[in-house]
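Novice: Please read through the structure below; I'll follow up with questions.
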Amino acid sequence: MTDTPQSFSLLPGAGDSPVILHVPHSSREIPAEVRSGIVLDDAGLERELDHITDAHTAAIAEAAAEAAGITPWRFVNGLSRLVIDPERFPDEREEMLASGMGAVYTRTTHKEALRPDGFDHEPLIERYFRPYARAMTEAVADRLAATGRAVIIDVHSYPTAPLPYELHGAGPRPPVCLGTDAFHTPPGLLDAAREAFSPCGETGLDSPFAGTYVPLEFYGKRAEVTALMVEIRRDLYMTEPGGPAGPGLRGLASALRALVEAVSH
């Protein structure tokens, strides 16, 4: 459909920057035609958005990008992850299907119904998921062509207390969790992240959330595409759930800027 507004933005950085700051979960925006397929009432939907949205992560990435000596590129989702979650596998490979949270969520963070039984996911996948995946693939390919490598840094946040939907909620919840991939997260990238975020407190590894995002065209195939997920515990920078940002945001943006600069050269 030609009337579909672009649901994501690629914000250009320096031509010689290999870094893409990927912000997939910061928006609360849900188009009206998507809202009509969600069974929650308005108050229930606002509560769910408070819990599921990685609030203010776009602002953290923006502040880091603006302060960096070599400006990174930013790929920002303009829609809520309740529309589609661009970081899920769109098929049975996705472990979060067990929680009703594949590429199209059918359950809430509290395991309640979000969409009706038998909901047809395919129109949302076609309209939102596939264009997003294509655009992110192109953005990575562009950095590879320009610089010979691409560094994807995923910017997320997570609640201080585990939510019922979490599959691995019993593990440690450090101030900053670094999600890794055995193929795409080299030791140097991990070391740079630990150093950059050390002023923010302890950094943990792959708990409560593990893995990182690489477009499928490159996943497990192109070692020049490196990736790291940065999961920031929300009490560091905001009032939970879904409240305003606080003074901690500035320090986190500074740490992210330090990571960007460390891996840009």
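The values are calculated or read from the model by the stated rules, or taken from the named source; none is laboratory data. What you see is a predicted model; the values in this text were computed from it and never measured. Note that each Cβ is placed from the backbone with ideal geometry, even for glycine, and that neighbours are counted across all protein chains shown. Calculation scope for accessible area: heavy atoms of the full protein, side chains included, ligands and nucleic acids excluded. Shrake-Rupley method; radii C 1.70, N 1.55, O 1.52, S 1.80 Å.
Novice: Once amide H atoms are built 1.01 Å from N in the peptide plane, which residues 5 or more positions from Leu205, or in another chain, come under 5 Å H to H?
Specialist: Leu178
Novice: If you don't mind, another one. Net charge around Pro199, counting only other residues with Cβ within less than 15 Å of its Cβ (Lys, Arg = +1; Asp, Glu = -1)?
Specialist: Here the charged neighbours net out to +1.
Novice: Could you check which residue among Asp91, Asp154, Asp142 shows the biggest mean-square fluctuation in a GNM of the chain with a 10 Å Cα cutoff?
Specialist: Looking only at Asp91, Asp154, Asp142, the largest GNM fluctuation is found for Asp91.
Novice: Over the Cα atoms of the range 2-160, Rg to Rh with Kirkwood Rh, two decimal places?
Specialist: 0.99
Novice: In whole percent, and with a 1.4 Å probe on the protein chains, what portion of the accessible area of the range 82-201 is carbon and sulfur?
Specialist: The C+S portion of the solvent-accessible surface of the range 82-201 is 55 percent.
Novice: Calculate the spin-label point distance for Ala245 paired with Glu112, positioning each point 7 Å from the Cα along the beta-carbon direction, and give it in nanometres.
Specialist: It is 2.9 nm.
Novice: A follow-up question, please. With just the Cα atoms defining each centre, how far is the range 203-265 from the range 83-149? Give it in Å.
Specialist: 19 Å
Novice: Taking only Cα atoms, what is the 0 to 90° angle, nearest 10, from helix 57-67's long axis to the longest principal axis of the chain?
Specialist: Between the helix axis and the principal axis of the chain, the angle is about 20 degrees.
Novice: Another question, if that's okay. Work out, step by step, the length gained on full extension between Glu138 and Leu163: first 0.36 nm times the residue separation, then minus their alpha carbon distance; give nm to one decimal. If you can, show how the numbers build up before the last one.
Specialist: Values: separation 25, 0.36 × 25 = 9.00 nm, distance 3.42 nm.
Working it through step by step, the gained length comes to 5.6 nm.
Novice: Using label points projected 7 Å from each Cα along Cα→Cβ, tell me how many nm separate Glu29 and Asp120, to one decimal.
Specialist: Here the answer is 2.6 nm between the modelled labels.
Novice: Quick one: Karplus J couplings for the range 97-112, per residue in order, coefficients 6.51, -1.76, 1.60, θ = phi - 60°, nearest Hz, x for Gly and Pro?
Specialist: After applying 6.51 cos²θ - 1.76 cosθ + 1.60, I find 4, 4, 9, x, 10, x, 5, 10, 6, 10, 10, 8, 4, 9, 6, 8 Hz.
Novice: Using the Cα gyration tensor of the range 151-231, with a ≥ b ≥ c the square roots of its eigenvalues, what is the shape: rounded (a/c below 1.5), prolate (a/b larger than b/c) or oblate (neither)?
Specialist: oblate
Novice: Near Phe183, within a Cβ-to-Cβ distance under 12 Å, what is the net charge of the other residues, with Lys and Arg +1 and Asp and Glu -1?
Specialist: 0
Novice: How big is the Cα convex hull of the range 111-265 in projection, averaged over all directions, in nm²?
Specialist: Result: 10.8 nm².
Novice: Per residue of the range 180-188, what does 6.51 cos²θ - 1.76 cosθ + 1.60 with θ = phi - 60° give for ³J(HN,Hα)? Whole Hz please, x for Gly and Pro, Karplus curve as stated.
Specialist: 3J(HN,Hα) across the range 180-188, in whole Hz: 10, 10, 4, 8, 9, 10, x, x, x.
Novice: Here is a follow-up. Direction-averaged shadow area of the convex hull around the Cα atoms of the chain, nm²?
Specialist: That works out to 13.2 nm², a quarter of the Cα hull's surface.
Novice: What Kirkwood hydrodynamic radius, in Å, does the range 187-228 give when the mean of 1/r is taken over all pairs of distinct Cα atoms and then inverted?
Specialist: Working: mean 1/r = 0.0842 Å⁻¹.
Taking the inverse mean of 1/r over all distinct Cα pairs, the range 187-228 comes out at 11.9 Å.
Novice: When only the heavy atoms of the protein chains count and the probe is 1.4 Å, how do Leu256, Leu205, Leu40 rank by accessible area, highest first?
Specialist: Leu205, Leu40, Leu256
Novice: For Leu97 and Glu46 in the same chain, what is the full-extension length gain: residue separation times 0.36 nm, less their Cα-Cα distance, in nm?
Specialist: Numbers: separation 51, 0.36 × 51 = 18.36 nm, distance 2.30 nm.
Computed gain between Leu97 and Glu46 is 16.1 nm.
Novice: May I ask you to derive the FRET efficiency for Ala223 and Ala146 from their Cβ-Cβ distance with R0 = 25 Å, giving the value to the nearest 0.05?
Specialist: 0.90
Novice: Still on this structure, I have one more. Quick check: the angle from helix 130-147's long axis to the longest principal axis of the chain, C-alpha only, nearest 10 degrees?
Specialist: 0 degrees
Novice: So what is the orientation-averaged projected area of the range 1-93, using the convex hull of its C-alpha atoms, in nm²? Don't jump to the answer; show the numbers that get you there.
Specialist: On the way: hull surface 32.3 nm².
Spelled out: convex hull of the Cα atoms, projected over all directions, averaged, 8.1 nm².
Novice: Hey, in the GNM for the chain with a 10 angstrom Cα cutoff, which one of Pro159, Pro31, Pro241 fluctuates hardest?
Specialist: Pro31
Novice: Could you pull the Cα extents of the range 60-119 along its three principal axes, largest to smallest, in whole Å?
Specialist: Extents along the principal axes: 49, 22, 17 Å.
Novice: How tilted is helix 248-263 with respect to the longest principal axis of the chain? Cα atoms for both, answer in degrees (0 to 90, nearest 10).
Specialist: 50 degrees
Novice: Turning to a different aspect of this structure: Could you report the chain's accessible area per residue, 1.4 Å probe, as an integer in Å²?
Specialist: Per residue, the chain has 43 Å² of solvent-accessible surface.
Novice: Using modelled amide H (1.01 Å from N, peptide plane; none on Pro or chain starts), what sits under 5 Å from the amide H of Tyr158, excluding residues fewer than 5 places away?
Specialist: Hits under the 5 Å cutoff: Ile232, Arg233, Arg234.
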